[in-house]
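The values are calculated or read from the model by the stated rules, or taken from the named source; none is laboratory data. As the structure is a prediction and not an experimental result, all values here were calculated from the model. Remember, those area values only see protein heavy atoms, side chains included, never the ligands or the DNA or RNA. Shrake-Rupley method; radii C 1.70, N 1.55, O 1.52, S 1.80 Å.
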Amino acid sequence: MRTAIYPGSFDPVTLGHQDIIRRAAAVFDRLIVAVMHNQNKTPMFSVEERMEFLRRTTGGLDNVEIASFDGLLADYARRQGACAIIKGLRAVSDFEYEFQMALANRKLNPELDTVFLMTSAEYMYLSSSVVKDIAVHGGSVAGFVPEELVEDIMLRTRKGD
Ligand code: PNS
C-alpha cells in the first residue's frame with residue numbers, strides 16, 4: 001500500500017488542484033489530501049469549509065481521503081505511513097520555493113520523497129488567489145473551480161459585503 005499526501009491551503013480548491021488529485025490518485029494506492037495551515041497566509045475559508053469543498057469534488061475517487069493537519073508535514077507523513085508528498089508545479093516561478101520545501105522535508109524525514117506533477121497546460125495560470133480575487137470583485141468563478149462549487153464559493157465570498 002503506497003500512500004501519498006497532497007498538502008496545501010486549498011483556499012479554495014481549484015480545477016488545477018482537482019486535476020492533480022485525480023492524477024495522483026491514479027498513481028498511488030491511497031492519497032490523503034491534507035488541508036494545512038500555512039503561517040504565511042490568512043485564509044478566506046475555514047479549514048472545515050475547505051475540507052467540505054474538497055470532499056464534494058473528490059466524491060468519486062475511492063482511494064482519496066480528505067484530512068487536515070496543523071504541524072510539520074514531515075511528521076504527519078511519517079504517522080500516516082506515507083512515502084511521498086505530491087506537489088503540482090505550474091511554472092518556473094513555483095520551482096525555487098518547492099525545491100526548498102522538498103529538500104527540507106526530506107531532511108526532516110529521509111524516507112519521504114516529493115513527487116512533482118506538472119500542471120495540465122489549461123491550468124497554468126490558475127491559483128486560489130486568482131479565484132478569490134475574481135469572486136470578491138463579483139466576477140464568475142465558473143471555469144476556475146469545480147462546477148459543483150461555483151455558486152457556493154461566490155456566495156460565501158461575497159457574504160460580508
Ligand atoms: O497551498 P500552499 O499554501 O502553497 O501549501 C503550503 C503548505 C501547506 C504545503 C506548506 O506551508 C506546509 O507544508 N506547511 C506545513 C508546515 C511544514 O511542514 N513546514 C515545513 C515545510 S519545509
Next on the checklist: Taking the Cα centroid of the stretch 109-141 and of the stretch 1-67, what is the distance between the two, rounded to the nearest whole Å?
Outcome noted: 12 Å
Checklist entry - In whole percent, what relative contact order does the chain give with Cα contacts below 8 Å and a gap of six or more residues? => result 28 percent
Checklist entry - Relative to the longest principal axis of the chain, what angle (0 to 90°, nearest 10) does the C-alpha long axis of helix 15-27 take? => result 30 degrees
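Tell me, what is the per residue accessible area of the stretch 3-121 in Å², probe radius 1.4 Å? Working shown, then result.
Details: 6070 Å² over 119 residues.
Per-residue value: 51 Å².
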Item to check | 19 Å Cα-Cα reach of K41 towards aspartates and glutamates, excluding residues that sit fewer than 8 places from it in its own chain | outcome: D11, E49, D70, D94, E96, E98, D133
Checklist outcome for this item: Measuring from the longest principal axis of the C-alpha atoms of the chain, the long axis of helix 47-57 (C-alpha) lies at a number of degrees, nearest 10, equal to 90 degrees
Item to check | Accessible surface, 1.4 Å probe, highest first, among residues M44, M154, M36 | outcome: M44, M154, M36
Checklist entry - In whole angstrom, and with the biggest value first, how far do the Cα coordinates of the stretch 1-84 range along each principal axis? => result 35, 28, 18
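Quickly estimate the mean residue ellipticity at 222 nm for the chain, helices only: each DSSP H run with n ≥ 4 gives -39500 (n - 2.57), and the total goes over all residues, rounded to 500.
Numbers: 6 runs with 67 residues, N = 161.
Computed mean residue ellipticity for the chain: -12500 deg cm²/dmol.
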Next on the checklist: I'd like the projected area of the stretch 64-148, averaged over all directions, using the convex hull of its alpha carbons. Report it in nm² with one decimal.
Outcome noted: 7.2 nm²
Checklist entry - How big is the shadow of the Cα convex hull of the chain, averaged over all directions, in nm²? => result 9.1 nm²
Checklist entry - Rank H137, H37, H17 by accessible area, highest first, at a 1.4 Å probe radius? => result H137, H37, H17
Checklist outcome for this item: Measuring from the longest principal axis of the C-alpha atoms of the chain, the long axis of helix 92-108 (C-alpha) lies at a number of degrees, nearest 10, equal to 40 degrees
